Amino acid sequence: MKLKALGIDLAKSVFALHGVDEHGKTVLRKKVKRSQLLETLAGLPPCVVGMEACGGSHHWYRRISALGHTVKLMAAQYVKPYVKTNKNDYQDAEAICEAVQRPNMRFVSPKSEEQQQMQAVHRVREQVMKRRTALANQARGLLAEFGIVVPVGIRKIRGQLPEILEDGENGLPDLMREVLQGLLEQMREVDQTLDRYEQMLTRLYRGNEACQRLGQMPGVKVITATAMVASAPDAKVFANGRNYAAALGLVPRQHSTGGRTVLLGISKRGNRYLRKLLVHGARAVVRAALKKTDRRSLWIQDLVQR
């Protein structure tokens with residue numbers, strides 16, 4: 001079988017395959033179970049294998065590359081235009097096979113196991129932080145129903161809630177004290193969980209040279225550095241720093257036509273989580289620079305004034 005390109009529609013149990021030869025003629029069209037995928041690909045001659053960058057795609061990238069194939073990952077939004085008529089597994093595999101052969105296609109850089117571990121810790125930590133915020137807001141809202149107002153902020157509610165529960169003259173009913181005591185215990189458990197995940201990130205940071213180099217930049221420390229290493233591909237794929245900023249979504253959205261350039265607001269594309277961390281880091285640097293007189297701080301102060 002003379003196989004030039006192969007498109008694989010990834011799934012949980014059954015994968016669809018579509019292969020073409022050098023003339024674009026379909027020479028392979030079949031479905032295989034998950035347990036049969038590697039065995040099937042091992043029996044095929046080395047070719048270009050295309051897949052959508054989705055759940056499990058980086059794992060399959062590593063496994064299929066080890067068989068001698070050239071594997072390329074693509075964003076699903078770039079594959080969608082090549083789907084003909086109705087959508088099904090075979091049509092998706094054919095579209096992937098067509099898209100991977102386009103000379104101007106943009107491909108997704110694969111992630112290593114270390115990057116995926118960092119990313120997993122960040123995602124779980126972010127979920128725990130959202131839970132902590134929800135608990136704090138709920139406790140603050142319940143206290144407001146009984147005339148007790150706590151200022152906004154995790155530290156405020158964490159520090160004042162034990163004092164409110166111990167105060168027997170604030171008119172808080174006994175049942176509400178039990179409810180709020182339960183919320184306080186949950187908040188303490190969440191804080192311990194957050195500390196555990198941050199210790200994991202610290203270990204990853206200390207064991208990664210790239211993270212330590214990034215940590216030398218102002219406003220970038222353990223959390224931001226590990227997030228950048230976990231999400232960023234090889235720096236060689238970017239021609240300059242502006243291209244990396246564009247990949248994060250830190251550029252205006254464009255809607256130009258007829259030779260007329262129209263730039264809109266900052267887009268929401270890219271990695272929203274990493275963009276948030278970088279913005280917070282930049283705010284910290286600006287806040288510190290307003291109190292200093294060195295050359296960089298003066299440049300930042302002039303930038304803020306402009």
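The values are calculated or read from the model by the stated rules, or taken from the named source; none is laboratory data. Everything numeric in this text was worked out from a predicted model, so none of it was measured. Please note: Cβ atoms are built from the backbone with ideal geometry, for glycine as well, and neighbour counts cover all protein chains shown. Ligands, DNA and RNA are excluded from the accessible area calculation, which covers all protein heavy atoms including side chains. Shrake-Rupley method; radii C 1.70, N 1.55, O 1.52, S 1.80 Å.
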Surrounding net charge for HIS59, when Lys and Arg each add one and Asp and Glu each subtract one, Cβ distance under 12 Å
+3
What dipole magnitude, in Debye to the nearest 20, does segment 131-222 give about its Cα centre under +1 on Lys/Arg Cβ and -1 on Asp/Glu Cβ?
760 debye
Percent of C-alpha pairs per 10 Å bin, segment 44-92, short to long
24, 47, 27, 2
Please report the antiparallel percentage of the DSSP beta bridges confined to segment 1-102, to the nearest 5.
55 percent
Give the lysines reachable from LYS268 as a straight Cα distance under 16 Å; neighbours fewer than 8 places away on the same chain don't count.
LYS276
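Considering only DSSP beta bridges with both partners in the chain, what is the antiparallel share in %, to the nearest 5?
Values: 17 of 26 bridges.
Looking only at bridges with both residues in the chain, the antiparallel portion is about 65 percent.
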Charge dipole of segment 1-137 about the Cα centre (unit charges at C-beta), most positive-ward option of ALA42, MET105, HIS59:
HIS59
Find out how many positive minus negative residues lie around MET105, taking Lys and Arg as positive, Asp and Glu as negative, among other residues whose Cβ is under 11 Å from that of MET105.
+2
Give the cross-link partners of LYS30 among the aspartates and glutamates, using a straight C-alpha distance below 15 Å as the criterion and excluding same-chain residues fewer than 8 apart.
ASP9, GLU39, ASP89, ASP92, GLU94
At the level of C-alpha centres, the distance separating segment 73-145 and segment 225-286, in angstrom, is 17 Å
Residue farthest toward the positive end of the dipole of the chain, with Cβ of Lys/Arg at +1 and Asp/Glu at -1: which of GLN91, GLN216, LEU277?
GLN91
Inter-centroid distance (Cα atoms) of segment 1-49 relative to segment 170-199, Å:
53 Å
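Tell me the carbon and sulfur percent of the accessible area for the chain, rounded to whole percent, probe radius 1.4 Å.
Details: 9660 of 19130 Å².
With neighbouring chains kept in place, the figure for the chain is 50 percent.
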Once the convex hull of the C-alpha atoms of segment 75-127 is built, how many Å³ does it hold per residue, rounded to a whole number?
126 Å³
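To one decimal place, what Kirkwood hydrodynamic radius in Å is obtained for segment 219-266 from all pairs of distinct Cα atoms?
Values: mean 1/r = 0.0778 Å⁻¹.
So the Kirkwood estimate lands at 12.9 Å.
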Taking H as built 1.01 Å from N, whose amide H comes closer than 5 Å to the amide H of GLU52, not counting residues under 5 places away?
LEU10, MET74
Space enclosed by the convex hull of the alpha-carbon atoms of the chain, per residue, Å³
241 Å³
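Could you provide, to the nearest whole Å², the per residue accessible area of segment 245-306 with probe 1.4 Å?
Numbers: 4830 Å² over 62 residues.
I get 78 Å² per residue for this part.
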If ligands, DNA and RNA are left out, what is the accessible area of TRP299 with a 1.4 Å probe, given in Å² to the nearest 10?
150 Å²
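Rounded to two decimals, what is the ratio between the C-alpha radius of gyration of segment 95-243 and 2.2 N^0.38 Å? Provide the component values of the computation, followed by the final result.
Details: Rg = 22.5 Å, N = 149, 2.2 N^0.38 = 14.7 Å.
Cα-based Rg divided by the globular estimate yields 1.53.
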Loop-only check: which GluC sites (Glu not before Pro) in segment 10-119 are DSSP coil with at most 11 other Cβ within 10 angstrom?
GLU22
The answer for segment 2-59, accessible area per residue at 1.4 Å probe in Å², is 51 Å²
Under a 1.4 Å probe, what is the accessible area of segment 65-123 per residue, stated in Å²?
59 Å²
